[in-house]
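Student: Supplied in structure tokens, the structure appears directly below.
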Amino acid sequence: MCSESFTCEQNLQSEQLNDSNEKVVCSICDKVFSKSKNLKAHLQTHTSNRPYTCIICNKSFSLQKYLNSHLMIHKTEKPFACGMCNKQFTQQQQLKTHIRTHTKERPYECNFCNKAFSHQTTLTKHLRMHANEKPYSCNMCHKAFSQQQNLKSHLRIHTNEKPYVCALCKRAFAQPQNLKTHLRTHTKEKPYACDICSKAYARQESYNKHFLKHANEKLSLM
């Protein structure tokens, strides 16, 4: 321990003596550096001072760049597995957030309408509706939106992009909801049923028109 401290001090002294053109050598591991400042940084690897800690495995490093290199290992590693569906995550916090999809826990509550959310980011997006905040603006028609996803959907009107394709007939749609409604023409599913006459419809709009007929019939009898 003492000899290591002494050699580190020797290196620091030689660093001060060397000019910018001379190579400097670490007397502990014989690694050669072209600049004194590089040697100074390297010497920290021989000390016990490791202030940069990996949040995934708690391994510590003397320099930020070494921690950054180490983190690349964890990019493919997913040590935190969900006990319910076996989905894996790189960070424990990601697993905790995911578990709420199973437990239906919603710890983030809106102070205005008491609606609750499982994610903080979802609550933030929701609050924009109360504040009438619309930070996402279309650069073509200047229509503004509270959520980025709504802006992306809107932009398809201008670009005529239709990324949602029916696997059965290859018809394309700009919005996922439109594809979902279209698929009912193949499956014959009719989820909108009338409580009065039990007639069913595939589309919400068709059901609404039908229901108005019953409402008008009631008015005519009054």
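Here, each number is a calculation from the coordinates, and none is a lab measurement. The structure presented is a predicted model; accordingly, all values stated were derived computationally and were not measured. Cβ atoms come from the backbone with ideal geometry, glycine included; neighbour counts cover every protein chain shown.
Student: I'd like the per residue volume of the convex hull spanned by the Cα atoms of the stretch 130-221, given in cubic angstrom.
Tutor: Working: hull volume 14.5 nm³, N = 92.
Spelled out: Cα convex hull of the stretch 130-221, divided by residues, is 158 Å³.
Student: Based on Cβ point charges of +1 for Lys and Arg and -1 for Asp and Glu, what charge dipole magnitude is obtained for the chain about its Cα centre, in debye rounded to the nearest 20?
Tutor: Numbers: 34 positive and 15 negative charges, 322 e Å.
Computed charge dipole of the chain: roughly 1540 debye.
Student: With +1 on the Cβ of every Lys and Arg and -1 on the Cβ of every Asp and Glu, and nothing else charged, how large is the dipole of the stretch 86-177 about its Cα centre, in debye rounded to the nearest 20? Could the numbers behind the result be given before it?
Tutor: Values: 15 positive and 4 negative charges, 52 e Å.
Once rounded to the nearest 20, the dipole reads 260 debye.
Student: Once label points are set 7 Å from the Cα along Cα→Cβ at both Ala131 and Leu155, what is their separation, rounded to one decimal in nm?
Tutor: 2.3 nm
Student: Still on this structure, please answer the following. Once you sort the root eigenvalues of the Cα gyration tensor of the stretch 65-133 as a ≥ b ≥ c, which label holds: rounded (a/c under 1.5), prolate (a/b larger than b/c) or oblate (the other case)? Write down the numbers at each step before the final one.
Tutor: Details: a/c = 4.43, a/b = 1.76, b/c = 2.52.
Note, shape of the stretch 65-133 comes out oblate.
Student: Computed FRET efficiency, Cβ-Cβ of Cys169 and Leu71, R0 45 Å: what is it to the nearest 0.05?
Tutor: Working: r = 47 Å, r/R0 = 1.04.
In this case the efficiency is close to 0.45.
Student: Which residue, chosen from Tyr66, Thr187, Val24, occupies the Cα position most advanced towards the positive end of the dipole of the chain, where the dipole is computed from +1 (Lys, Arg) and -1 (Asp, Glu) charges on Cβ about the Cα centre?
Tutor: Highest projection toward the positive end goes to Thr187.
Student: Of the options Phe89, Cys166, Leu212, report the single residue whose Cα projects farthest towards the positive end of the charge dipole of the chain (beta-carbon charges: Lys, Arg +1; Asp, Glu -1).
Tutor: With unit charges placed on the Cβ atoms, the residue in question is Leu212.
Student: While we're on this one: Report the Cα centroid-to-centroid distance between the stretch 142-221 and the stretch 58-122 in angstrom, as an integer.
Tutor: Between the Cα centre of the stretch 142-221 and that of the stretch 58-122, the gap is 35 Å.
Student: Within the stretch 72-140, list the chymotrypsin sites (Phe, Trp or Tyr not before Pro) lying in a DSSP loop whose Cβ has at most 12 other Cβ atoms in a 10 Å radius. Could the numbers behind the result be given before it?
Tutor: Details: sites: Phe80, Phe89, Tyr108, Phe112, Phe117, Tyr136; in loops: Phe112.
Here the chymotrypsin sites (Phe, Trp or Tyr not before Pro) that fit, given the DSSP loop and packing criteria, are Phe112.
Student: Using a simple spin-label model with points 7 Å from Cα along the Cα→Cβ vector, what separation in nm is obtained for Leu183 and His102?
Tutor: 2.6 nm
Student: Over all alpha-carbon pairs in the chain, figure out the percentage whose distance exceeds 24 Å.
Tutor: Values: 18276 of 24531 pairs.
Of all Cα-Cα pairs in the chain, 75 percent lie more than 24 Å apart.
Student: Oh, and also: So what is the calculated 222 nm ellipticity per residue for the chain, using -39500 (n - 2.57) for each DSSP H run with n of 4 or more, over all residues, to the nearest 500 deg cm²/dmol? Walk me through the numbers on the way to the answer.
Tutor: Values: 8 runs with 101 residues, N = 222.
The per-residue figure over the chain is -14500 deg cm²/dmol.
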